[in-house]
Amino acid sequence: MSIFKFGVVMLAGAVAVSGAVIAESMSDNIVHATYTEDGAVNAPVDFRRWIFVGSPLTPNALNDGSAPFPEFHNVYVEPSAFNHFERTGEWPDGTQIAKELVMVRESDSCDEATGACLEVSGNGYFQGEFVGLELTVKDTERYAEEPGGWAYFSFGHDGEPYAKTASAFPTESCNACHEGNADTDFVFTQFYPILRAADPNNN
Ligand code: HEC
């Protein structure tokens, strides 16, 4: 191949690649969850690399000694859905949001009554071990019968390894509380400063 022809081929290749990148960002390709043959969702793999949006905490000491979820709730949004939300303020079909539960750290420096620990930065709550994983998926076709098209899953609440697949909970177990109380299309953006900052409706 002559140098000229080689150059043309390379140039054509570069145009095709950049064209594909532009087309992808324009069409806003959303990365969907994957499913088993019987319709269970596969646990997300790389969710700790998704966009971290917040970490609410409802410790036992503030909930009569036994909170339903006494751990930190670390919430991560799948990046393509985050990008779409940042552009439009809306959650697209295919949105995946993971919530990993992380124990409050326990050590000799922690107070039995409050669970708070005295560490070098002060007295308070620090993250301990991973203990559970939940996921919500918006898919108005696959979950047409769920309000808002949102389905809710748990991969276990006993620490790692988490379950590899999960079936959707009944509507009343999860969806109903989200529908009634969450600020933005079943998502609790009121507790996630990173999503409030990203929402174009707030800017
Ligand atoms: C009583 C109300 C209530 C119920 C019932 C409930 N949730 Fe939530 N959920 C919340 C709140 C409040 C948040 C905000 C973060 C936090 O405090 O954990 C949340 C956040 C989440 C998130 C992070 C994304 C988001 O929408 O904000 C997931 C995932 C989730 N819940 C899964 C579930 C699953 C699975 C169930 C059913 C087993 C469930 N939830 C039941 C109140 C509820």
Checklist outcome for this item: All-but-one check, residue 191 against (1) touching a residue at least 40 places away in the same chain (Cβ under 8 Å); (2) within 22 Å of residue 85 (Cβ to Cβ); (3) more than 9 Å from the ligand (Cβ to nearest atom), failing number (3)
Checklist entry - In the stretch 79-115, how many residues are within 24 Å of residue 158 (Cα to Cα) and under 15 Å from the mean Cα position of the chain (by Cα)? => result 7
Item to check | Qualifying positions in the stretch 177-186 - within 7 Å of the ligand (Cβ to nearest atom) and out of contact with any Lys or Arg (no Cβ under 8 Å at 6 or more places or on another chain) | outcome: 177, 178, 181, 182
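Would you call residue 154 in contact with a Gly (Cβ under 9 Å, 6 or more places away or on another chain), among the hydroxyl-bearing types (Ser, Thr, Tyr) and under 29 Å from residue 129 (Cα atoms)?
For residue 154, the condition - in contact with a Gly (Cβ under 9 Å, 6 or more places away or on another chain), among the hydroxyl-bearing types (Ser, Thr, Tyr) and under 29 Å from residue 129 (Cα atoms) - is met.
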Checklist outcome for this item: Here the qualifying pairs (Cβ atoms under 6 Å; residues six or more apart or on different chains; first in the stretch 108-120 and closer than 17 Å to residue 64 by Cβ; second of a type in the set (Gly, Ala, Ser) and not in a loop (DSSP other than H, G, I, E, B)) come out as 114/61; 115/61; 116/124
Next on the checklist: Restricting to the stretch 40-94, name every residue that is under 17 Å from residue 125 (Cα atoms) and among the aromatic types (Phe, Trp, Tyr).
Outcome noted: 69, 72
Checklist entry - Restricting the search to the stretch 59-81, which residues are among the hydrophobic types (A, V, I, L, M, F, W, C) and surrounded by 21 or more Cβ atoms within 10 Å (Cβ to Cβ)? => result 72, 75, 77, 81
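Yes or no, residue by residue, for (1) of a type outside the set (Gly, Ala, Ser); (2) within 16 Å of the ligand (Cβ to nearest atom); (3) in the same structural domain as residue 54 (by TED's automatic domain parsing):
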| position | (1), (2), (3) |
| --- | --- |
| 95 | yes, yes, yes |
| 105 | yes, no, yes |
| 122 | no, no, yes |
| 150 | yes, yes, yes |
Item to check | Contacts under 8 angstrom Cβ, first residue in the stretch 136-149 being among the aromatic types (Phe, Trp, Tyr), partner in a loop (DSSP other than H, G, I, E, B), 6 or more apart | outcome: 143/168
Checklist entry - Which of the strands (runs of 3 or more DSSP E) contained wholly in the stretch 108-203 include at least 2 residues that are surrounded by 13 or more Cβ atoms within 10 Å (Cβ to Cβ) and out of contact with any Phe, Trp or Tyr (no Cβ under 8 Å at 6 or more places or on another chain)? => result 127-138
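The values are calculated or read from the model by the stated rules, or taken from the named source; none is laboratory data. Owing to the predicted nature of the structure, the values given are computational and were not obtained by experimental measurement. Cβ: placed from backbone, ideal geometry, glycine included. Neighbour counts: every protein chain shown.
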